[in-house]
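No lab work stands behind these numbers, since they all come straight from the coordinates. What you are looking at is a predicted structure, and each value in this text was computed from that prediction instead of being measured. Neighbour counts are summed over all protein chains in view; Cβ atoms, including those assigned to glycine, are modelled from backbone coordinates with ideal geometry.
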Amino acid sequence: MRVDLRSDTVTVPSKEMREVMSYAPVGDDVYGEDPTVNSLEERVAQMFGKEAAVFTPSGSLANQLGIRMLVSPGEELLAETNSHIVRAELGAAAVFSGITTRTWPAQRGLLFASDALSVARPDSGPYLVSTKAIAVENTHNFGGGTVQPLSEIQALHKGAQEMGLALHLDGARIWNAHIASETPLIEYGKYFDTVSVCLSKGLGAPVGSLMLSTKENVVKARVWRKRYGAGMRQIGMLAAAGHYALDTNLSLLHHDHRRAQFLAKRCHAISSSVVDPMHVDTNIVGLDLSELPISATEFAAMVKTEGVLISALGPKFARLVTHLNIDDPAMEYAADVLADALQRTLVSK
Ligand SMILES: *Cc1c(COP(=O)(O)O)cnc(C)c1O
């Protein structure tokens, strides 16, 4: 059996999704004439209580368009040390927008409003860089799918308002946070000036993200999207996959969360230092191998020989992600392989 737990981006579109894509009405989206894109943008904006949205080919671009609306060249964005914007977008904020970043570290990426607010320096005058915005990642990817507490988001919003700072939500997996915490999407939308969401993670669309904000920001973001070379034409087929994902796959995410719990518990049972199931909020299981005599790369290679693919993200940190294409038999097989590999590692100690 082959079980790919490297990421929830590896899902392939189902037959039903492909069918819906094949008969989607389309038009030229650069002219604003693709009805399926237009309806998806309206739909997702409404879900979060935002005025408008713009479709993008990647979540990175949705993030970059969002923060570009909030921070000017030579100004500063604050983000958590292991956030996607800082670590996984290849310096795009600096390269494209002249944005500098400063970071605060957080265990499991968990947000404490005071961590972010205490490093913020708005209106710093002619000597120091002025902070303009703070980015929050929910769920936190490299933190292990951590759901950010609503109370901390609210505290951050209050503090940011007092300091005149804007807030960006990297909501690539906000869907998982919504399902796990039962917080309405519209509630999340309230606290952020710009929001990015991905359709191609747990929701299983082959391509697609959106940036949500005010009408004015979205009009500006469309200009930048085109300037970056991401003005697209008859992409109603991609938007149709997004509609299908929201109709059908959003309500399935709780299975991914249940399966991640199962994997975490099986690993924990062999070696409790590796993962605490209480800290697995959603579909991502971070494995901390620091107390085991094996590197993440070696561990990943070990389980790969049995057909289980996982990501080695740090010298001693591996990541498993459950998704639409992992059913219960695949989960059980992967759990057996992982447990056996941990057991063998412990015996060799
Ligand atoms: C996947 C992801 C993105 C976007 O990634 P793309 O590969 O550019 O679509 C953004 N933020 C987070 C937290 C992610 O996990």
Taking R233, R266 and counting other C-beta atoms within 10 Å, the order from fewest to most: R233, R266
Starting from the Cα of I270, step 7 Å along the direction of its Cβ; do the same at E216; then give the gap between the two resulting points in nm. 5.6
Unit-weight point scatterers at every alpha-carbon of region 246-315, Debye formula, q = 0.11, 0.23 1/Å: log10 I(q)/I(0) is -0.31, -1.07
Any number yet on Rg/Rh for region 189-321, C-alpha, Kirkwood? 1.09
Excluding residues fewer than 8 positions from K304 in its own chain, the lysines with Cα under 29 Å of it are K15, K201, K265, K316, K349
Place the peptides 99-106, 194-201 in order of packing, highest mean first, counting for every residue the other Cβ atoms within 10 Å and averaging per peptide. 194-201, 99-106
Taking neighbour Cβ counts within 10 Å as the exposure measure, how do I174, I179, I270 sort from fewest upward? I270, I179, I174
Assigning unit charges at the beta carbon (Lys, Arg +1; Asp, Glu -1) and nothing else, what dipole magnitude in debye, to the nearest 20, does region 291-349 show about its Cα centre? 360
Students often forget the sequence filter, so: which lysines lie under 20 Å Cα-Cα from K220 once same-chain residues fewer than 8 apart are removed? K50, K132
When the chain is fully extended, how far beyond the present Cα-Cα distance does Y228 get from D123, taking 0.36 nm per residue of separation? 34.8 nm
Helix-only CD estimate at 222 nm, as mean residue ellipticity for the chain, using -39500 (n - 2.57) per DSSP H run (n ≥ 4): -12500 deg cm²/dmol
If you build the convex hull over the alpha carbons only and average its shadow over all orientations, what do you get for region 110-215? Give it in nm² to one decimal. 7.8
With contacts defined as alpha carbon pairs under 8 Å and 6 or more residues apart, what's the relative contact order of region 81-236 in percent? 16
Give me the dipole magnitude in Debye, nearest 20, for region 15-249 about the Cα centre, with unit charges on the beta carbon: positive for Lys and Arg, negative for Asp and Glu. 400
Calculate the translational D of the chain in whole µm² s⁻¹ from Stokes-Einstein, where the hydrodynamic radius comes from the Kirkwood formula applied to all Cα pairs, the temperature is 10 °C and the viscosity 1.306 mPa s. 76
Calculated SAXS-style log₁₀ I(q)/I(0) at q = 0.25, 0.28 Å⁻¹ - region 23-84, Debye, Cα scatterers: -1.14, -1.23
Roughly speaking, what is the stretch gain from D115 to E42, that is 0.36 nm per residue apart minus the C-alpha to C-alpha distance, in nm to one decimal? 22.8 nm
Under a point-charge model restricted to the Cβ atoms of Lys and Arg (+1) and Asp and Glu (-1), what is the dipole moment magnitude of region 150-211 relative to its Cα centre, in debye to the nearest 20? 160
To the nearest Å, what is the center-to-center distance of region 161-222 and region 64-121, using C-alpha atoms only? 16
Express the relative contact order of the chain as a whole percentage, based on alpha carbon pairs under 8 Å and six or more residues apart in sequence. 24
Give me the aspartates and glutamates in straight-line cross-link reach of K215: C-alpha distance below 20 Å, same-chain residues under 8 apart excluded. D29, E33, D34, E41, E42, E51, D170, E187, D193
With unit charges on the beta carbon (Lys/Arg positive, Asp/Glu negative), name the residue among Q154, T56, M17 whose Cα is farthest towards the positive pole of the charge dipole of the chain. T56
Would you kindly work out the equivalent ellipsoid of region 179-264 from its C-alpha gyration tensor and give its semi-axes, the square roots of five times the eigenvalues, largest first in whole Å? 28, 18, 11
Grab the Cα-Cα distance for Q154 and E332, subtract it from 0.36 nm times how many residues apart they are, and report the gain in nm with one decimal. 60.2 nm
